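Step one of this worksheet: look at the structure below.
The values are calculated or read from the model by the stated rules, or taken from the named source; none is laboratory data. Just so it is clear, the model here is predicted, and its values are computed rather than measured. When we count neighbours, we look across all protein chains shown, and the Cβ atoms used for this are built from the backbone with ideal geometry, even at glycine.
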Amino acid sequence: MQIQYKPKRNLLQTILHVELLQGMALTLRTLFSKPITRQYPEERPDVQLGFRGQHALVRDEETGASKCVACMRCVTVCPSRCIRIRFHEDEDTSARVVDSYDIEALRCVYCGFCEEVCPVNALILTEVFEYSGFQREDIFFDQEALLDNWDKFAESKGGKIGSYVNPFWRPRGMNADKLTAAKRIDVPDEWTIEGQVVGKNFKAKGTE
Ligand code: SF4
Ligand code: SF4
């Protein structure tokens, strides 16, 4: 089999430098065609359904607090291990109470697993794509910042929007037994407190 890297050219093509003329013709055509470059930020793109942007904790309209029930599913499923939650159990009701909720968004890969597994739609990836910072801390969202993100997102949508469910999320969530992330999880000590549930197979140091 013969591999030919250069197309055959006849004498006329060689003399006239046809490729050069073709290139110039293309340049000339493009010169008078309508530009397709988006002049961002003056021209803003439409955010498509299913877009996964800035994280937010949905604020319960009745209580004004986060809807998170500290089930720890998002922590367990996150492949980037960028979610940290601390909670305690209420002495009277035994219900979990969130003490702190942090997302180190710089490590996030925007897979959307966290919002998919959340049973109460407390955590969402909004349609907000414009956020940056001059310091690492600017992209580290604590609970207050995440609720603030929700408020701003809700405002951009015209005020109170209740819960936000993206139609591209999986309605039934994911089967935790199928998650390899839960088996891979290796939680740093500073992310754990006594009795904390941080991952399916996680065991605190010194325990069986
Ligand atoms: S989108 Fe994915 S990587 Fe980002 S916080 Fe959620 S689960 Fe973690
Ligand atoms: S999955 Fe939802 S309810 Fe559970 S800890 Fe995460 S944000 Fe909170």
**OP:** Test Val120 against the stated conditions and say whether it is part of a loop (DSSP other than H, G, I, E, B), among the hydrophobic types (A, V, I, L, M, F, W, C) and within 27 Å of Asp46 (Cβ to Cβ).
**Re:** no
**OP:** From Arg86, Arg52, Arg44, grab the single residue that is charged (D, E, K, R) and either at pLDDT 90 or above or more than 30 Å from Asp142 (Cα to Cα) (or both).
**Re:** Arg86
**OP:** Give me the pairs, please: first residue somewhere in region 66-90 and touching a residue at least 60 places away in the same chain (Cβ under 8 Å), second residue anywhere and basic (Lys, Arg) and more than 12 Å from ligand 1 (Cβ to nearest atom), beta-carbon distance under 7 Å, and either six or more positions apart or on two chains.
**Re:** Ser66/Arg59; Thr76/Lys200; Phe87/Arg96
**OP:** Name the single residue, out of those in region 61-98 being in contact with a helix residue (DSSP H, G or I) (Cβ under 9 Å, 6 or more places away or on another chain) and assigned to a strand (DSSP E or B), that is farthest from Ala154 (Cα to Cα).
**Re:** Arg86
Original post:
Which one is farthest from ligand 2 (Cβ to nearest atom), of the residues in region 102-117 that are without any contact (Cβ under 8 Å) to a residue 40 or more places away in the chain and not in a loop (DSSP other than H, G, I, E, B)?
Top reply: Leu106
**OP:** Identify all residues within region 68-110 that are within 16 Å of ligand 1 (Cβ to nearest atom) and not hydrophobic (A, V, I, L, M, F, W, C); write none if there are none.
**Re:** Arg73, Thr76, Pro79, Ser80, Arg81, Arg84, Ser100, Tyr101, Asp102, Glu104, Arg107, Tyr110
**OP:** Inspect all residues belonging to region 65-72 and state whether any of them is more than 9 Å from ligand 2 (Cβ to nearest atom), at pLDDT 90 or above and out of contact with any Ser or Thr (no Cβ under 6 Å at 6 or more places or on another chain).
**Re:** yes
